[in-house]
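Each remark here refers to the structure printed beneath this line.
The values are calculated or read from the model by the stated rules, or taken from the named source; none is laboratory data. Just so it is clear, the model here is predicted, and its values are computed rather than measured. As a convention, Cβ positions derive from the backbone with ideal geometry for all residues, glycine included, and neighbour counts pool all protein chains shown. Just so you know, the surface numbers come from the protein's heavy atoms only, side chains and all, with ligands and any DNA or RNA stripped out. Shrake-Rupley method; radii C 1.70, N 1.55, O 1.52, S 1.80 Å.
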Amino acid sequence: MDIESQLVIYDCPKCEGAALLEEEGNSYYVTCMDCGCHSVNVNFKTDDERLDAARRTVELWNKGKVIKLEPGE
Ligand SMILES: [Zn+2]
């Protein structure tokens, strides 16, 4: 199943760069390819929960709830 094609992911709320849905272990997050800020990881336990987890992190990203990487921290 192609999860990304089922979701609308806005451009980065910080710099309007291109956003990418990433899978890491058993979780999804959205990251900006330009400035590197990202949404929180949302975990899933089973394949059935995948789309739900992806949808939740994309929703947070689209609302602008992103974690900005501060240099030096
Ligand atoms: Zn950005």
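Brief remarks follow.
- Count of residues meeting criterion [open to solvent by less than 60 Å² (accessible area, probe 1.4 Å), at negative phi and not polar (S, T, N, Q)] in region 51-73: 7
- Applying a threshold of 6 Å to beta carbon distances and a minimum spacing of six or more residues, or different chains, the list of pairs starting in region 34-50 at a residue that is open to solvent by 40 Å² or more (accessible area, probe 1.4 Å) and ending at one that is away from the ligand (no atom under 16 Å from the Cβ) reads Asn41/Ser27; Asn43/Asn26; Asn43/Ser27; Arg50/Phe44.
- One residue stands out among those in region 15-43 that are away from the ligand (no atom under 14 Å from the Cβ), assigned to a loop (DSSP other than H, G, I, E, B) and of a type in the set (S, T, N, Q): the one that is farthest from the chain's Cα centre (by Cα), which is Asn26.
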